[in-house]
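Here's the structure, in structure tokens; my notes come after.
Every number in this text was worked out from the coordinates using simple rules, so none of it is lab data. Quantities reported herein were computed from a predicted structural model and do not represent experimental measurements. When we count neighbours, we look across all protein chains shown, and the Cβ atoms used for this are built from the backbone with ideal geometry, even at glycine.
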Number of protein chains: 2
Amino acid sequence: MSNLKLLARSLGLSITTVSRALDGYSDVAPATRERVQAAAQAMNYRPNPAARSLRRRRAEAVAVTLPTEPGRFGPPIFLNMLAACGQRLAEDGLDLMLLPTAGRAGEMDTYRRLLDGRRADAVIVVRTRLDDERVGFLKERGIPFVTHGRTARSEEHAFIDGDGEAGFRDAARQLAASGHQRIAHIAAPQDLTFAHLRRKGWLAALDEAGSPDRLEYTAQPTEAGGYEATQWLLRQDTPPTALLCATDSMAIGALSALKERGFTAGREIAVIGHDNLPSAAFTDPPLSSMEIAAPDVGRQLAEMLIARLGGRDGRELQTILPVRQVPRATHGPAN
Amino acid sequence: MSNLKLLARSLGLSITTVSRALDGYSDVAPATRERVQAAAQAMNYRPNPAARSLRRRRAEAVAVTLPTEPGRFGPPIFLNMLAACGQRLAEDGLDLMLLPTAGRAGEMDTYRRLLDGRRADAVIVVRTRLDDERVGFLKERGIPFVTHGRTARSEEHAFIDGDGEAGFRDAARQLAASGHQRIAHIAAPQDLTFAHLRRKGWLAALDEAGSPDRLEYTAQPTEAGGYEATQWLLRQDTPPTALLCATDSMAIGALSALKERGFTAGREIAVIGHDNLPSAAFTDPPLSSMEIAAPDVGRQLAEMLIARLGGRDGRELQTILPVRQVPRATHGPAN
DNA sequence: TTGACTTCCCAAAACGTTTTGGAGATCTAA
DNA sequence: TTAGATCTCCAAAACGTTTTGGGAAGTCAA
């Protein structure tokens, strides 16, 4: 609506001075600065973002890519995390763009378009895989980025992640301590980093306990996946006494399969999930779970991004958040 | 990376001609156009979006505002809808921006900043309320917008919505037809349009059935809300025989409360929700629900937005999508 | 009084596109 | 042959900012 030229004219000043007054440069007299600020306020002036980006040669925006295809996207709280992240970014004048991609194939295309066109100054990478080509691409191009979840090359870049490995180790330890002999793992596809780490934690606890069994089944991280996995596990010669599920969604599927076979979770068979979904407290029986012990992952993510844009080295920006157990009714005793 | 000036120089043409060749103007010779296109391809040219917006005086972006506060945001599939929407927008070169707002108070502020700064050409309004100040504001400013969910002023603007009223009327009818006498409604806050319409459908069916009872309880659209509502309803002198819940999340809470009191949903008491959440098929018993009978709400939303940006009148862009019942185990008979 | 320093301000040049208003050829019709 | 049409192309002016490189007063020290 109103621009610098209008503002300057109405004040009898030059565009330069108005611009510098608003940007807080020191070479403008205090009285002038106040006059300018008042006028800007009165005329409801906001710098035109396109002009500013053009001149500054940055987009003042951060992009997050979302796969559209596989039906469901991550845990339901994910959108809240993005919103919190966006809010923090907005405090620094950065927009958050949603870049949907058509499946994994289209992902790299989307990245190329994004970066060739300079539509974003930095990128948030979600749903990280252990071997994630996106990381290589972004490093090569020199675009700042933060991953939500680690990768095999984590030591080289900024990331934020929950300590799923410790969480699953602790949970499996507790199950073992309470007498469980056959603690099965319902795994998510192992190319996903979070799935790999959670399985690793489970394995570590089994090693500690000297347990020889390695009962596991990998499925999609959905209710249907957990259901399918549980059915398979129950069909084995020596079925498990505990199910450690990669996600709550899978655990909910597991509960359903158990019920169908006449088992009561938390009595005959223990079940523990991860994410502490809102609905976890309302399953039957209420689902024992675990969650990242931080209320503001989104905000932290944003702050890492801002630090990265400010030139901080990605290797200094690596956060692993503790995971807290949320015991409810389904982790019940074996003996 | 590369720009029009470079391209033009390498081709021995003027910037004007290169620009017009790529934009498909008719006043450029076919041979020249091909030469230009080939060079653009080879040099990996993409128009600088900031420069383009500056000159064209539009942002080439669409914004959606998200409240960050109240913990959970809408049904989990919401993010998928946004992703689908963003994908369709991208086909027309439009970016999708996420604009988080700090609670309802900050919402109008965010809108003002957004529009004063011309950061977006159009807006998606979600979580519509019956009396929604955002609609008035956007109409006044003349910014194209589409609401996801109706408002009290729906006839004046573009919207897309499911026919929750018919869905709840049908569900309540079926319950009545199978002998239920006291069909209670677990309502979401009535300022939200979807909640109002679903309640209206329930009321209509009760009227048809000549049922005098109006047993209802309003709570937050979460599992906890449904739980609380059910507890209250069961404490009444003549408890309901059926619970029609505004959302599946509430229905899941209801199932939990019923179980706690020793009831089996689908036998003593029927329960029906709305949204057909992925987990609805895995509750115990599996939850009867309903859902919008369209796979591509997000894409349709995007297309309405594009039509709106193309100058189409909002009154011609109003879609009410049918709602389909998804019967499972909990809508069981009364008699 | 002079020279050096401050303090406060500004003109003009970018940034990379789109669009306006032609201009020079070439062709067509009389 | 000439007047118009038709094809191709282009120079230059925006769009609204930020930033560079001063410049004109005023101040201070000698």
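Structural remarks
- Dipole magnitude of the range B:239-291, debye to nearest 20 (Cβ charges: Lys/Arg +1, Asp/Glu -1, about Cα centre): 200
- Distance from the alpha carbon centroid of the range A:233-261 to that of the range B:111-163 works out to 46 angstrom.
- Degrees, to the nearest 10: A:30-42 long Cα axis against longest axis of chain A: 70
- About its Cα centre, the dipole of the range B:164-293 is roughly 220 debye, where the only charges are +1 on Lys and Arg Cβ and -1 on Asp and Glu Cβ.
- Between copies, B:G179 shows label-point distances of 4.4 nm, shortest first, with the point placed 7 angstrom from Cα along Cα to C-beta.
- Remark on A:G162: its backbone amide H falls under 5 Å from those of A:L321, a criterion applied only to residues 5 or more positions apart or on other chains, H modelled at 1.01 Å from N.
- Residue with peak Gaussian network fluctuation, chain B [Cα springs, cutoff 10 Å], from B:I306, B:I292, B:I15: B:I15
- Charge-dipole axis of the range A:212-335 as Lys and Arg at +1 and Asp and Glu at -1 on Cβ define it, positive-most pick from A:S289, A:P278, A:L321: A:L321
- In nanometres and ascending order, the distances from the A:R235 label point to those of the other copies are 4.8 (point 7 Å from Cα along Cα→Cβ).
- Annotation: the antiparallel percentage among DSSP beta bridges lying fully within chain A is about 15.
- Rounded tilt (10° steps) of B:248-260 against the dominant C-alpha axis of chain B: 30
- With an a/c value of 1.5 or above and a/b larger than b/c for the gyration tensor axes a ≥ b ≥ c computed over the alpha-carbon atoms, chain B is described as prolate.
- Helix B:103-116 and the longest principal axis of the Cα set of chain B meet at an angle near 20°.
- Placed amide H near A:A270: partners under 5 Å, 5+ positions off or other chain: A:A242, A:L243
- Nm distances between copies for A:D23, ranked from closest, using label points 7 Å along Cα→Cβ: 2.9
- Calculated [222 nm] ellipticity per residue, helices only, for chain B: -13000 deg cm²/dmol; basis is -39500 (n - 2.57) per DSSP H run with n ≥ 4, divided by all residues, nearest 500.
- Gain upon complete extension [B:A105, B:D313; 0.36 nm per residue less C-alpha separation]: 71.9 nm
- Inter-label distance for B:R9 and A:A177, nm, one decimal - labels placed 7 Å from Cα along Cα-to-Cβ: 7.0
- Taking 24 Å as the straight-line reach from the Cα of A:K259, the lysines in range (excluding those fewer than 8 positions away in the same chain) are B:K259.
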